[in-house]
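Chemist: Before I ask anything, let me first share the structure, which is written out below as structure tokens.
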């Protein structure tokens, strides 16, 4: 009986120990599981964070690139195209200059102007160059205009210029200042008299004796043309077919209006090469221009710095609206 009790006691003790061991193992297993789960969550969170940061960085760069590309593309767009009266000639003039972004004045306020990449800007419908001069100086005819709009177009004007040149070329005219009306009836022709006679033939018969001249007393070529339906162009890059170009003598100081003028047939603003009718004295090669075959092609400044662009005059055709 005594031995039986001892055996029962030993078994009971072993059961208690076994239960304790099982309980301890269970707790440790739970802790290990929790730890593994936490580690997996941390790893997953870290991996997700890496993906997010990497994606965010790449996305930021891509977004920036797309934004930059969009900004560049937008910058070359044409939200605000200035259209002036001279567009009636059939050419895209001020439309070549596009103003998309509003220009901020010194006070920080937004004005009614737009600025282009070349520095041109528009204020109240007038397009200005970076130096403050209007690209098209006579957007409205001067008050003393004899003619507000030319009664002829570009092609008609060029045809008249070509006809006068051909007459002088075929008849062996000499270079010199004509003193007759109509101009060049005395067999003399010069750069300004070519234009004067072409305009005479188109109905502009209110010219001074000898014809319109670069300088003629108090009436210069500029004053005559801008009061007879022509618009003054200050920006050389805007030159186009039919424009009358005026160059100075290349000397320091203010422009001299006593040097040279001609009529453009074509002009490339990139190469600055032009095709023109020009009855000035000599070509760069020393050939008398009246006897040369025209129109001919040469650099716009065909005597280099001796002939600098001053301005040009463009036909304003149509009628006032």
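Computed from the coordinates by the stated procedures, all read-outs in this text should not be read as laboratory data. Note that the coordinates shown come from a computational prediction; the quantities given were computed from them, not determined experimentally. Positions of Cβ are backbone-derived with ideal geometry, glycine not excepted, and every protein chain shown enters the neighbour counts.
Chemist: For the pair residue 266 and residue 292, how long in nm is the line joining their label points, each one 7 Å along Cα→Cβ?
Modeler: So the label points at residue 266 and residue 292 sit 1.7 nm apart.
Chemist: Label-point separation (nm) for residue 186 and residue 146, each offset 7 Å from Cα along Cα-to-Cβ?
Modeler: With each label point 7 Å from Cα toward Cβ, the separation is 2.0 nm.
Chemist: Which of the three applies to the stretch 154-315, rounded, prolate or oblate, going by the alpha-carbon gyration tensor with a ≥ b ≥ c and a/c under 1.5 meaning rounded?
Modeler: Working: a/c = 1.35, a/b = 1.17, b/c = 1.16.
Rounded, since a/c falls under 1.5.
Chemist: Based on the Kirkwood radius over alpha-carbon pairs, what value in µm²/s does the Stokes-Einstein equation return for the translational diffusion coefficient of the stretch 152-245 at 37 °C and 0.692 mPa s?
Modeler: Working: Rh = 13.6 Å.
Value of D from the Cα-based Kirkwood radius: 241 µm²/s.
Chemist: Oh, and also: Quick check for you: which residues of the stretch 211-240 have the amide N under 20 Å from the point 7 Å beyond the Cα of residue 123 toward its beta carbon?
Modeler: Answer for this model: 232-235.
Chemist: What is the gain in length, in nm to one decimal, between residue 223 and residue 249 on full extension, counting 0.36 nm per residue of separation less the C-alpha to C-alpha distance? Intermediate values should be presented prior to the final figure.
Modeler: Values: separation 26, 0.36 × 26 = 9.36 nm, distance 1.91 nm.
Answer, rounded to one decimal: 7.5 nm.
Chemist: How far is it, in nm, from the label point at residue 273 to the one at residue 206 when both lie 7 Å from their Cα along the line to the Cβ?
Modeler: Taking the two extended label points, one gets 4.2 nm.
Chemist: Residue separation times 0.36 nm, minus the C-alpha to C-alpha distance between residue 179 and residue 163: what's the value? Show your work: numbers first, answer last.
Modeler: Working: separation 16, 0.36 × 16 = 5.76 nm, distance 2.00 nm.
Length difference between fully extended and current span is 3.8 nm.
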